[in-house]
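Peer 1: One structure, as structure tokens, below. Some questions next.
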Amino acid sequence: MISFFERFFEFQKKVHQLIFSWIPFSFGDLVYILTGIFLLYHGAALFKKRKRHSSLLSLLVGINIFYFLYQVFWGMLYFQVPIIKKLPTQKEPTTEKAKILALNYLEKCKRTRSLVKEDHNGIFIITDLKALQKEILNKQARLPENISGKKAPGINSFKPSLFKEVMNFTGILGYYNPFTAEAQYNSQLPHTYIPFTSAHESSHQLGFAREQEANFVGYLIGIDSKNPELRYSTEYFTLKSLLNFIVEEDPEFVKSMLKNYSLPMKRDRVYEKAFVLKHQGWLDDFFGFTNNLFLKSNQQEGSITYSYFIDLLLNYESSEK
Ligand SMILES: [Zn+2]
């Protein structure tokens, strides 16, 4: 039954991408805005005696169709075989292993950071977004066979979100729209985030629904790339995830790692922190809360736990070498 939905998804994403990818803005965001207007209009009409019945009917029918399409286009993919089951080893991650890997990725990050461009403040910038997106699509088609047997249509359907102002304040970096198969990202983010976020959203496009699996597939897409902008962003994400995992057990180790960042990396880190700080507020708490609820209702861990990505990463790395 699940494999039926996986095959259906291959077909659906291709059709959707052919229909929506060429539109220069996020059509999915427009659909969301129209849906919002529909809900508000009929929601308000519930208070008018004359229209109450017909509006209630419209709302129920509308919500049901929306939910049904969501489940068919996307929700069923949460029942796929987890990637961890496809890896040769399935050991618990240990802090020791994570530290070795973190040291390794710090060196990689330093090296790759010296190859990319920066702005006049010395902050990493992307020079060619289109080339980066093309590279992600190329890499999608060359993922390890045992992890992804999915077809990569190679259609560029990355869209800057129409809600970037809201996203700045919510900590949401990007999202996949299952109704249009578009991958939205926040174009106002510090550039260190954008390549990896794009790789992550493209993994959803490929058909990996779980958050941490999209991170892992994004990692596979970016980590050996010849495009230094994609590689730096991916290595940097990996390093940060490892440090987040280690910090609970050994905060001193993480402190010394941060000290050993190269100067350009330190500038990137300060810039990221300033961005988050500038946009922190009640919206962040609110969305952090609702996002957790949403993830839980989709049978996943909430966003607090990084460990499934670390699980995948450590098991993959130890089976590689
Ligand atoms: Zn995601």
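Peer 1: Counting only protein heavy atoms and a 1.4 Å probe, tell me what percentage of the stretch 122-221's accessible area is made up of carbon and sulfur.
Peer 2: In the stretch 122-221, the share of accessible area belonging to carbon and sulfur is 54 percent.
Peer 1: A further question on this structure: Applying the Karplus parametrisation 6.51 cos²θ - 1.76 cosθ + 1.60 with θ = phi - 60° to the phi angles of the stretch 185-192, what ³J(HN,Hα) value in whole Hz is obtained for each residue in order, glycine and proline being reported as x?
Peer 2: So the Karplus estimates, Gly and Pro as x, are 9, 8, 6, 8, 5, x, 4, 4 Hz.
Peer 1: Which entries in the list LYS130/LYS226; LYS14/LYS86; LYS240/LYS278 go over 18 Å, if you measure between the two C-alpha atoms of each?
Peer 2: Over 18 Å Cα-Cα: LYS14/LYS86; LYS240/LYS278.
Peer 1: Moving on to the next point. Given a 1.4 angstrom probe, what's the average accessible area per residue across the chain, in square angstrom?
Peer 2: 52
Peer 1: May I ask for the net charge around SER26, where only other residues with Cβ less than 10 Å from the Cβ of SER26 are counted and Lys, Arg are +1 while Asp, Glu are -1?
Peer 2: So the environment of SER26 carries a net charge of -1.
Peer 1: Evaluate the charge dipole of the chain about its Cα centre and quote only its size in Debye, nearest 20, assuming +1 on the Cβ of each Lys and Arg and -1 on the Cβ of each Asp and Glu.
Peer 2: Once rounded to the nearest 20, the dipole reads 760 debye.
Peer 1: Can you pull the accessible area of LYS108 for me, 1.4 Å probe, Å² to the nearest 10?
Peer 2: 60
Peer 1: Report the percentage of all Cα-Cα pairs in the chain whose separation exceeds 25 Å, rounded to a whole percent.
Peer 2: Distances greater than 25 Å cover 54 percent of the Cα pairs.
Peer 1: Also, I was wondering about something else. Under a GNM of the chain (C-alpha, springs under 10 Å), which listed residue has the highest mean-square fluctuation: GLU201, GLU249, GLU229?
Peer 2: Answer for the Gaussian network model of the chain: GLU249.
Peer 1: While we're on this one: As a test of the formula, what do you get for the chain when each DSSP H run with n ≥ 4 contributes -39,500 (n - 2.57) and the sum is divided by the residue count, at 222 nm and rounded to the nearest 500 deg cm²/dmol?
Peer 2: Here the helix-only value at 222 nm equals -20500 deg cm²/dmol.
Peer 1: Here's something else I'd like to know. From Cα pairs below 8 angstrom and at least 6 apart in sequence, can you work out the relative contact order of the chain, rounded to a whole percent?
Peer 2: Relative contact order, the chain: 25 percent.
Peer 1: Putting +1 on Lys and Arg Cβ atoms and -1 on Asp and Glu Cβ atoms, find which of PHE20, SER3, LEU39 reaches farthest to the positive end of the dipole of the stretch 1-60.
Peer 2: LEU39
Peer 1: Further question: Which one, GLY207, PHE245, LEU129, projects farthest toward the positive side of the charge dipole computed for the stretch 79-320 from Cβ point charges (K/R +1, D/E -1)?
Peer 2: Result: LEU129, furthest along the dipole toward the positive end.
Peer 1: What share of the DSSP beta bridges in the chain is antiparallel, in percent to the nearest 5?
Peer 2: Among the beta bridges of the chain, antiparallel pairing accounts for roughly 60 percent.
Peer 1: Hey, what angle do you get for helix 194-206 against the long axis of the chain, alpha-carbon based, 0 to 90 degrees rounded to 10?
Peer 2: Here the helix axis deviates by roughly 50 degrees.
The values are calculated or read from the model by the stated rules, or taken from the named source; none is laboratory data. Keep in mind the model is a prediction, meaning the values are calculated, not measured. We place every Cβ from the backbone using ideal geometry, glycine too, and count neighbours over all the protein chains shown. Each accessible area value is taken on the protein alone, full model and side chains, heavy atoms only, with ligands, DNA and RNA left out. Shrake-Rupley method; radii C 1.70, N 1.55, O 1.52, S 1.80 Å.
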